[in-house]
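Working notes, structure below.
The values are calculated or read from the model by the stated rules, or taken from the named source; none is laboratory data. Predicted model, so just to flag it, every value in this text is computed and none were measured. Backbone-built Cβ (ideal geometry, glycine too); neighbour counts: all protein chains shown.
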Amino acid sequence: MTKSMTGYGRACELVDKLNITVEIKSVNARYLEFYPKITKAYSFIEDKLRTYIQSVIFRGKVEMSVVIDSLDESDVVVEINQALAAGYYNAVKDLAEKFNLQAGDSVSMLTSHVDIFSVRKAPADEEAVWEAVKSVVVKAVDSFIAMRETEGTRLKQDILSRGDVILDYVSFVEQRSPQTVREYNEKLLTRMRELLQDAKVDEQRLLTEAAIFADKVAVDEETVRLRSHIAQLHEIFNSEEPVGRKLDFLVQEINREANTIGSKAQDVEIARRVIEIKAEVEKIREQIQNIE
C-alpha cells in the first residue's frame, strides 16, 4: 500500500486508571526522524515507544505527544521530613515558653510549613504502564496510517496518470522519429555531395556513411527504455514495501532518457514533446517527495 509521509492521528482512553492521550503527526523527511514528547513521570516508556514506531513507520519526520494522567490515589505518596518538623515544633515551643505565650494548635502550626512535606509517585509497574499506553498508541497510529494511505492512494493515481501522459508523448516520438532520420539522412547526403562534387567518391560508400551518421539521431532505444521505466512505475506501486526511494531513482532514469532524446533528435516537434515529458517528470518528482 502506497503511503504519504504526511499524516495525523489521535486517540484518548482511560486504561487501568491512566487517562492517556496520544497525538501523532508527520511531514516529509529523507529518513525516519522520531521526536516523542512524554509526560515526565513516564519517560521510561520512550525506548519501547521508539522501537514500536520504527516497526510501523519507515520515513518522515514524526512527532508524537503522549500525555498520561493517573487517577489512582494510591499512586501518590506523601512523605514528611520528620527532623524538619521536630525542629519547627521545638522552636515554636521554646518561643512560647520564653515569652509566656500559648503555643496554640501545634498540628495547624506544623502543616503551615509546606517544606516539611514532599510528594512523589509510587513506583510504577513499567511493563503494565507500557501495555496500557501501547493500546492507545496503536489506535492513534492506526488512524495516522489510514490517513497516510488515503493520501498515498491519491498520489499514486496522480503519478500513474502522468506516466500515461508521458507514454502518449513517447508514442508521438516513435511515430515521428523514423521520418526525422530519413530527413536528416537526405540533408546529410545533399550536403556531402555539395562538398564532394568535384571529387571522385564511391556513391555506395557515401550512402553508407550518411546512414551511419543519420542513425545517431534515432531514439528507438531511448523510447523502449522509457516505456520500460513507466511499466516499472506500476510494478513498484504494487509492492507492499515502502516505495519512495525506488521511485525517486526511477524518475531520475526517466529524466535521463528524456534528456538523451532531446539531445539526439534533430526535430522541432520531438523537441516540444521532450519538453512536455520533462515537465511531467518534474511533477512526478515533486509528488514522490511525499511518498514513504
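Structure notes:
- Some residue of the stretch 241-254 being under 24 Å from Arg176 (Cβ atoms), at pLDDT 95 or above, under 25 Å from the mean Cα position of the chain (by Cα) and in a helix (DSSP H, G or I): yes
- Any chance Glu269 is exposed (fewer than 14 other Cβ atoms within 10 Å of the Cβ), of a type outside the set (Val, Ile, Thr) and over 30 Å from Phe58 (Cα atoms): yes
- Within the stretch 17-45, residues that are farther than 18 Å from Glu149 by Cα and touching a residue at least 24 places away in the same chain (Cβ under 8 Å) sit with their Cβ atoms under 6 Å from residues that are buried (at least 17 other Cβ atoms within 10 Å of the Cβ) and among the hydroxyl-bearing types (Ser, Thr, Tyr), at 6+ positions apart or across chains, in these pairs: Leu18/Ser70.
- Of the strands (runs of 3 or more DSSP E) contained entirely in the stretch 1-92, those carrying at least 2 residues that are among the hydroxyl-bearing types (Ser, Thr, Tyr), surrounded by 16 or more Cβ atoms within 10 Å (Cβ to Cβ) and touching a strand residue (DSSP E or B) at 6+ places or on another chain (Cβ under 9 Å) fall at 18-27, 60-70.
- Matching residues in the stretch 237-256 - criterion: being hydrophobic (A, V, I, L, M, F, W, C) and surrounded by fewer than 17 Cβ atoms within 10 Å (Cβ to Cβ): Phe249
Conditions (1) closer than 30 Å to Met64 by Cα; (2) surrounded by fewer than 16 Cβ atoms within 10 Å (Cβ to Cβ); (3) modelled with pLDDT under 70; (4) out of contact with any helix residue (DSSP H, G or I) (no Cβ under 6 Å at 6 or more places or on another chain), marked per residue:
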{"site": "Trp130", "(1), (2), (3), (4)": "yes, no, no, no"}
{"site": "Gly163", "(1), (2), (3), (4)": "no, no, no, no"}
{"site": "Leu195", "(1), (2), (3), (4)": "no, yes, yes, yes"}
{"site": "Asp198", "(1), (2), (3), (4)": "no, yes, yes, yes"}
{"site": "Arg205", "(1), (2), (3), (4)": "no, yes, yes, yes"}
{"site": "Thr208", "(1), (2), (3), (4)": "no, yes, yes, yes"}
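- Pick from the stretch 1-56, criterion β-branched (Val, Ile, Thr) and more than 25 Å from Gln287 (Cα to Cα), ranking: farthest from the chain's Cα centre (by Cα): Val15
- Positions within the stretch 232-249 being small (Gly, Ala, Ser) and within 18 Å of Glu282 (Cα to Cα), in sequence order: Gly244
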